[in-house]
1. Using the Cα centre of the chain as the reference point, and only Cβ charges (+1 on K/R, -1 on D/E), how large is the resulting charge dipole? Debye, rounded to the nearest 20.
2. So, with a 1.4 angstrom probe, what is the percent of accessible area on region 80-410 that is carbon and sulfur?
3. Mind jotting down the distance between the C-alpha centroids of region 367-428 and region 258-327, whole Å?
4. Mind jotting down the distance between the C-alpha centroids of region 168-189 and region 27-70, whole Å?
5. For region 236-285, what value does the Rg/Rh ratio take when both radii are computed over Cα atoms and Rh is the Kirkwood radius, given to two decimals?
6. Rounded to whole Å and sorted largest first, list the principal axis extents of the Cα atoms in region 338-416.
7. Please list the three semi-axes, largest first and in whole Å, of the ellipsoid equivalent to the chain, using sqrt of 5 times the eigenvalues of its alpha carbon gyration tensor.
8. For region 3-66, what log10 I(q)/I(0) values come out of the Debye formula at q = 0.12, 0.23, 0.29 1/Å, with one point per alpha carbon and no solvent?
Amino acid sequence: MATITEMNETVEMRIGKETYSLPVVTGTYNEKGIDISQLLSQTKHVTLDTGFKNTGSTMSSITFIDGAKGILQHRGYPIEQLADQATFTELMLLLLNGELPTQQELSTFEDNLKAHVGLKGGLKRLLDAMPENTHPMCMLSVMVNALPGFYRANLDSWSDEQVRWDSIYFILANLPVMTAYIYRHHHRLAYIDPDPSLGYVENFLYMMFGEVDEDVADALDALLVLHGDHEQNCSAATVRVAGSSHVNLFSAIGAGVNALWGPLHGGANQAVLEMLEAIREDGGDVERYINKAKDKDDPFRLMGFGHRVYKNYDPRARVIKKYVDRVLGKLGKEDPVVDIAKGLEKAALADDYFSSRKLFPNVDFYSGIIYRAMGIPVDMFTVMFALGRLPGWISQWAEMRTNNEPIGRPRQVYIGPATRDYVPIDQR
Ligand code: SDX
């Protein structure tokens with residue numbers, strides 16, 4: 001359960017001659033939430049908040065974001081420290097269990113993951129049936145959503161503790177396998193089966209490219225940590241709502257995969273690289289594209305900029321930007337879009353349109369440059385985001401089920417036609 005102080009505060013709401021008292025909950029960092037869970041029964045009113053910009057859906061103890069200050073913490077640990085010092089499998093256990101693991105706990109966890117590595121042949125045949133030019137996120141959605149068909153023993157992935165952890169180990173262990181198989185199929189390359197003797201990230205790189213570059217493995221581990229969780233983002237909220245129907249874990253994750261694909265969410269990392277390439281091919285005129293992004297009549301948006309919660313620099317983007325020069329230098333690679341990205345950032349941050357709306361680079365602005373330097377193609381970037389976000393999705397799902405939260409079913413305000421009688425078609 002989230003750490004909240006006693007409900008010793010209330011707010012008053014006056015509707016007509018009636019005054020209603022609503023409890024206020026206080027979070028760890030003194031954030032305030034007005035509990036409206038009894039509002040409809042008390043006042044016959046619902047609230048309206050399209051896009052949930054002002055609405056909390058739950059109390060959670062997994063991730064804390066202070067959007068104004070650009071702070072991100074997982075279970076109280078700052079993201080900057082986790083990115084620099086924790087491994088991705090350590091972060092998985094921190095998100096899932098709430099504490100950093102001991103070496104023994106981590107070794108046991110990693111052994112459990114290795115014991116679950118491997119997909120039934122039918123899933124490979126399912127992937128083989130997909131046209132090679134299918135978008136990798138579509139392929140990932142097909143494979144994840146097909147899991148209940150191949151692993152029927154995992155359908156009740158909550159009530160039985162052993163089945164629950166078997167399901168968690170299985171999907172954490174095999175999303176890298178699916179990702180690598182998708183990349184190989186997409187590029188008409190033979191699959192490289194997992195080598196369980198390798199570490200989590202090393203094994204993924206081996207299945208992708210047939211070799212492991214330790215510098216790439218270190219940088220990728222940090223990138224995956226940076227994508228681990230992000231409280232109630234679009235895809236995590238989707239996993240929670242889907243999971244609240246008590247569907248199995250694999251199907252709830254499949255819903256999250258589909259939500260992440262959107263260019264306003266996880267699909268932005270692909271959209272950023274495509275944008276940078278378009279600007280480069282168009283002569284690199286940064287000012288022209290800044291003006292396009294500001295023009296309300298132009299559909300162009302500065303992808304990788306802006307955030308629903310951060311009204312400051314996304315702390316993940318700050319860390320990733322630090323890795324850009326380091327990784328490209330270590331790999332001896334240069335990317336002409338790096339200067340374009342830095343030029344866009346500089347121009348945008350100096351422009352009143354962006355600063356007045358508190359639009360800063362987000363996690364997607366620089367991440368694709370590093371993925372590409374690692375040899376990962378642009379249309380695989382969002383699958384990489386899913387790989388990083390998986391432990392966060394699972395943790396959010398588990399917290400929702402642990403707290404026995406009700407099925408997610410928002411209300412609405414109806415503004416359609418009033419009651420009217422049916423008119424037979426020959427009289428219309
Ligand atoms: C992720 O939620 C999360 O935590 C997500 C995420 C995670 O880890 O899970 O952090 C990952 O999804 C990061 C965001 C990736 N998406 C992009 O980079 C796409 C580009 N960004 C935007 O589409 C937008 O900023 C959103 C979708 C991220 C946020 O949209 P909001 O909160 O609904 O804000 P908005 O669209 O209402 O924008 C407010 C104003 C508007 O202008 P006005 O109507 O006030 O004049 O800012 C403008 C917008 O037009 N604006 C932009 C802009 N983003 C917002 N203008 C130009 N370029 C942009 N990128």
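1. Values: 42 positive and 55 negative charges, 265 e Å.
Here the size comes out at about 1280 debye.
2. Values: 6750 of 13340 Å².
After summing per-atom areas, the C and S share lands at 51 percent.
3. For region 258-327 versus region 367-428, the Cα centre distance is 22 Å.
4. 37 Å
5. Details: Rg = 16.2 Å, Rh = 12.5 Å.
Radius of gyration over Kirkwood radius for region 236-285 works out to 1.30.
6. 49, 39, 26
7. Working: eigenvalues 251, 169, 121 Å².
Calculated on Cα positions only, the semi-axes equal 35, 29, 25 Å.
8. -0.36, -1.11, -1.36
The values are calculated or read from the model by the stated rules, or taken from the named source; none is laboratory data. Just so it is clear, the structure is predicted and the values come from calculations on it, not from any experiment. Methodologically, a virtual Cβ is constructed for each residue, glycine included, from the backbone with ideal geometry; neighbour enumeration extends over all protein chains shown. Heads up: the accessible areas ignore ligands, DNA and RNA and are worked out on the full protein's heavy atoms, side chains in. Shrake-Rupley method; radii C 1.70, N 1.55, O 1.52, S 1.80 Å.
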